[in-house]
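Take a look at the structure below.
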Amino acid sequence: MKPRFYQCSVIGPAHIRDLLPNQDYLLAKCWERRWVAVVCDGMGSRSHSDIGSREAAKAAIYSVQNNDFNSDDKTIVQALYLNWLARLKTLNVEPKDAVTTCILVWGTADGRFRYAHLGDGMIASPKSLLSNANTTGFSNETTGLGLSRHLSDWRLGSGYIQDHGNRLLLMTDGISEDLLDPTAFSQYVTDVLLKKSRRQGKCWLKRQLNNWPTPGHSDDKTLIAVCLPQGFINE
């Protein structure tokens, strides 16, 4: 089965006001019998955070596509990090100026998936909270590519998407930090999205994120919903 991706990234009101670019970035892709989704959030205090998040997302895709699904965690993370450094070097950007979080999830047609998560943000489903920076302490909340030097900084795991209601949500902290019940949020969002086409779903998500109900919200907001609809036929 191939997943259906619903994805959207909107620039935060504070960045619009200050004429700053969106510092989040997302990518999702299917190929052969595999898929991958990634969201990254550049650290706003760094001068090239938008470049850092963009190149991290590309490096994450590279690390998954160029390694076997069963490659060990260290191989995947190392490939991601080294490719990110190489991409920044070609752009004459220093890693310290491009610090970014990274949430990477990749899977296979039989429902297996793995994840690697560094820094802020969250992976959730209607059934469970898989990965959340707030559960691992303040030190991990502020780390990212360009700061982290240890595999232990990453939250790593695996599972079957069928055990999570056939749905996974990847989101940056502009969304996750405001959620009181991530599983209920995941259920509601994916219930709505699965009734819509990808284009309609993106438009709906954009309206929700631009009209985020938290007073005074200012951060960029980025979300990818990975869904396996009941009876979904491979395209």
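If you go through region 5-29, how many residues are modelled with pLDDT of 95 or more and farther than 18 Å from residue 176 by Cα?
The total comes to 4.
When both residues are 6+ apart or on different chains and their Cβ atoms are under 8 Å apart, which pairs have a first residue that lies in region 171-199 and is of a type in the set (Lys, Arg) and in a loop (DSSP other than H, G, I, E, B), and a second that is at pLDDT 95 or above and surrounded by fewer than 23 Cβ atoms within 10 Å (Cβ to Cβ)?
Listed by first residue and then by second, the contacts come to 196/204.
Output the residue which, of all residues in region 35-64 that are under 14 Å from residue 23 (Cα atoms) and charged (D, E, K, R), is nearest to the chain's Cα centre (by Cα).
41
For residue 6, all conditions in the list (1) loosely packed, with under 15 Cβ neighbours inside 10 Å; (2) farther than 28 Å from residue 149 by Cα hold save one; what is the number of the exception?
Residue 6 satisfies all of (1) loosely packed, with under 15 Cβ neighbours inside 10 Å; (2) farther than 28 Å from residue 149 by Cα except (1).
How many residues does region 1-30 hold that are of a type in the set (A, V, I, L, M, F, W, C), out of contact with any helix residue (DSSP H, G or I) (no Cβ under 6 Å at 6 or more places or on another chain) and farther than 18 Å from residue 111 by Cα?
Final tally of qualifying residues: 6.
May I ask you to say which residue of 116, 124 is touching an Asp or Glu at 6+ places or on another chain (Cβ under 8 Å) and surrounded by 19 or more Cβ atoms within 10 Å (Cβ to Cβ)?
Only one candidate qualifies: 116.
If I filter region 43-65 down to residues being touching a helix residue (DSSP H, G or I) at 6+ places or on another chain (Cβ under 6 Å) and modelled with pLDDT of 95 or more, which single residue comes out as surrounded by the most Cβ atoms within 10 Å (Cβ to Cβ)?
Here the answer is 56.
Can you confirm whether region 81-91 contains a residue that is farther than 18 Å from residue 174 by Cβ and buried (at least 24 other Cβ atoms within 10 Å of the Cβ)?
There is at least one residue in region 81-91 that is farther than 18 Å from residue 174 by Cβ and buried (at least 24 other Cβ atoms within 10 Å of the Cβ).
Where the second residue is of a type in the set (Lys, Arg) and assigned to a loop (DSSP other than H, G, I, E, B) and the first is within 28 Å of residue 69 (Cβ to Cβ) and lies in region 85-113, which pairs have Cβ atoms under 9 Å and are six or more apart or on separate chains?
100/46; 108/33; 109/2; 109/33; 110/33
Looking only at region 36-65, which residues are under 12 Å from residue 104 (Cβ atoms) and part of a strand (DSSP E or B)?
Listed by number, the residues that qualify are 36, 37, 38, 39, 40.
If a residue has to be crowded, with 23+ Cβ neighbours inside 10 Å and either among the basic types (Lys, Arg) or touching a Gly at 6+ places or on another chain (Cβ under 7 Å) (or both) to count, how many in region 162-172 make the cut?
3
Answer yes if at least one residue in region 130-147 is of a type in the set (A, V, I, L, M) and under 18 Å from residue 27 (Cα atoms), and no otherwise.
There is at least one residue in region 130-147 that is of a type in the set (A, V, I, L, M) and under 18 Å from residue 27 (Cα atoms).
Residue 37 - would you say it is at pLDDT 95 or above and either buried (at least 22 other Cβ atoms within 10 Å of the Cβ) or within 27 Å of residue 161 (Cα to Cα) (or both)?
The answer is yes for residue 37.
Scanning region 76-106 for residues that are of a type in the set (S, T, N, Q) and under 21 Å from residue 224 (Cβ atoms), which turns out nearest to the chain's Cα centre (by Cα)?
101
So, in region 107-146, of the ones that are among the aliphatic types (A, V, I, L, M) and either part of a loop (DSSP other than H, G, I, E, B) or at pLDDT below 95 (or both), which residue ends up nearest to the chain's Cα centre (by Cα)?
The extreme case among them is 133.
Restricting to region 66-106, what's the tally of residues that are more than 16 Å from residue 155 (Cβ to Cβ), in a loop (DSSP other than H, G, I, E, B) and among the acidic types (Asp, Glu)?
Count: 2.
Restricting the search to region 66-78, which residues are surrounded by fewer than 19 Cβ atoms within 10 Å (Cβ to Cβ) and within 24 Å of residue 48 (Cβ to Cβ)?
Correct list: 78 only.
The values are calculated or read from the model by the stated rules, or taken from the named source; none is laboratory data. No experiment lies behind these values; they were computed from the predicted model shown. For neighbour counting, all protein chains shown are included, and Cβ atoms are generated from backbone atoms with ideal geometry for every residue, glycine included.
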